[in-house]
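No value in this document is a laboratory result; all are computed from the given coordinates. Remember, it's a predicted structure, so these values are computed and weren't measured experimentally. Backbone-built Cβ (ideal geometry, glycine too); neighbour counts: all protein chains shown.
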Amino acid sequence: MQLIVLSMCTSCIASPKGDFKALFESQKEEGYGKVVNDSVASIMFNAKSITCELQSKNLADTLRKDSVSMIPAKLHSVVLFLFFNKDNFKSSDTVYGKFEPWACFKFEAKKKQTVFLELDFSLKKWRLLDANKKQICAQDMKECSMQFLNFTRLLFPKDMTLKLLNDNFKAVEK
């Protein structure tokens, strides 16, 4: 799985950012265009900085040391590739569980425009929040939740909570 993420990183870094944006804009109608409006997508596409912050699942969690990571500019396209995958916009099934984000990606564009992407790996759902942390939209991430989890683990390689979560998902798949 990490080989797949690594190859995605390499291919996204190798292609110019303009081509990447044009690719997703051409798939807008079958994917994100149904859920995410143009102004929010524009903030994400034009983000000057993207930060990933791990969210604590338990106040007594003492395993986490570093919980914030600035994503290098050359990896911004990987985050966008994972999020704007059209499979992330296919469904929003009702689940009977509370949305508890494991990770939050903060996209900051010019003029202090901010969008937050929260990921709940347990429910396999994502939600977008505006600068005031009000929900804009939410959908399922059935197909690429493990890819997002692996990418987050690359950002925080020593985080035991993410490692244990990944191990649990692998055990369930067997």
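Taking strands (runs of 3 or more DSSP E) as the structural unit, those lying wholly within the stretch 74-130 and holding at least 1 residues that are among the hydroxyl-bearing types (Ser, Thr, Tyr) correspond to 114-120. Only a single criterion out of (1) over 16 Å from residue 129 (Cα atoms); (2) over 12 Å from the mean Cα position of the chain (by Cα); (3) surrounded by 16 or more Cβ atoms within 10 Å (Cβ to Cβ) is not satisfied by residue 108, namely (1). Name the single residue, out of those in the stretch 131-170 being assigned to a loop (DSSP other than H, G, I, E, B) and without any contact (Cβ under 8 Å) to a residue 60 or more places away in the chain, that is nearest to residue 39 (Cα to Cα). Among them, the one singled out is 131. Identify the residue in the stretch 116-153 that is aromatic (Phe, Trp, Tyr) and within 15 Å of residue 100 (Cα to Cα) and, among all such residues, is surrounded by the most Cβ atoms within 10 Å (Cβ to Cβ). Once the filter is applied, the top-ranked residue is 126.
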